[in-house]
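Step one of this worksheet: look at the structure below.
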Amino acid sequence: MPILNAQNVANYFLAQLSEECGDTISNLKLQKLLYYAQGFHLVLFDKPLFADQIRAWQHGPVVPSIYHTYSHCGDQAIPKPANINWRLYEKDVKELLDEIWKVYGQFSAWKLRNMTHNEPPFRNTSPNGIITRGSMKKYFKGLLK
């Protein structure tokens, strides 16, 4: 079983972009998609999707390494990756990420930001603190009931 990192998951979401449909993902939106993917993966598979920590920054949950990778884009669209190794993603992970994209990818970055600000994992974490996997698992488990 290949081990994913946050960049692998980010690439998966960025690869979903459809230029003909005008889809774009900003850094802000990508961060929220990573947060939702991690949260639901913790509940469904009882383990993290990626090892990177998620922190509570001013505009919601953030994976700092991914933020810094794309910070040069500002609030503009992040380009679609030139190539992606699809063999990294097992069937159940692809299904989860596709569902996250279907459900949350439709929302704007600011809508997702506001949603995460109202959720306990973010709300109950001190500024710049680590959003614990335990708090995420507890919250997302409640969403699936």
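The values are calculated or read from the model by the stated rules, or taken from the named source; none is laboratory data. Because the structure is predicted, anything quoted here is derived from the model rather than measured. Here Cβ is always computed from backbone atoms with ideal geometry, including for glycine, and neighbour counts include all displayed protein chains.
Can you find a residue in segment 128-139 that is of a type in the set (Phe, Trp, Tyr) and over 15 Å from the mean Cα position of the chain (by Cα)? Before the answer, list the steps.
Step one: list which residues in segment 128-139 are of a type in the set (Phe, Trp, Tyr), which gives 139.
Now restrict to residues that are over 15 Å from the mean Cα position of the chain (by Cα): 139.
Yes, that holds for at least one residue.
If a residue must be over 13 Å from Tyr36 (Cα atoms) and either of a type in the set (Asp, Glu) or more than 17 Å from the chain's Cα centre (by Cα) (or both), how many such residues does segment 94-122 contain?
Count: 1.
Of the residues Asp98, Asp75, Asp52, only one is loosely packed, with under 13 Cβ neighbours inside 10 Å and of a type in the set (Asp, Glu); which? Give the steps one after another, and end with the answer.
Working: Asp98 fails: loosely packed, with under 13 Cβ neighbours inside 10 Å; Asp52 fails: loosely packed, with under 13 Cβ neighbours inside 10 Å.
The conditions single out Asp75.
Taking the stated definitions as given, is Val63 closer than 13 Å to Asn8 by Cβ, touching a His at 6+ places or on another chain (Cβ under 8 Å) and surrounded by 14 or more Cβ atoms within 10 Å (Cβ to Cβ)? Before the answer, list the steps.
Values: closer than 13 Å to Asn8 by Cβ: yes; touching a His at 6+ places or on another chain (Cβ under 8 Å): no; surrounded by 14 or more Cβ atoms within 10 Å (Cβ to Cβ): yes.
The answer is no for Val63.
Can you tell me how many residues within segment 116-144 are more than 23 Å from Ile3 (Cα to Cα) and buried (at least 16 other Cβ atoms within 10 Å of the Cβ)?
6
Could you list all residues from segment 18-44 that are modelled with pLDDT under 95 and more than 19 Å from Ala109 (Cα to Cα)?
Hit for segment 18-44 is Glu20, nothing else.
Among Asp98, Asp52, which is the only one that is within 21 Å of Arg133 (Cβ to Cβ), of a type in the set (Asp, Glu) and out of contact with any Asp or Glu (no Cβ under 7 Å at 6 or more places or on another chain)? Give the steps one after another, and end with the answer.
Working: Asp98 fails: within 21 Å of Arg133 (Cβ to Cβ).
It is Asp52.
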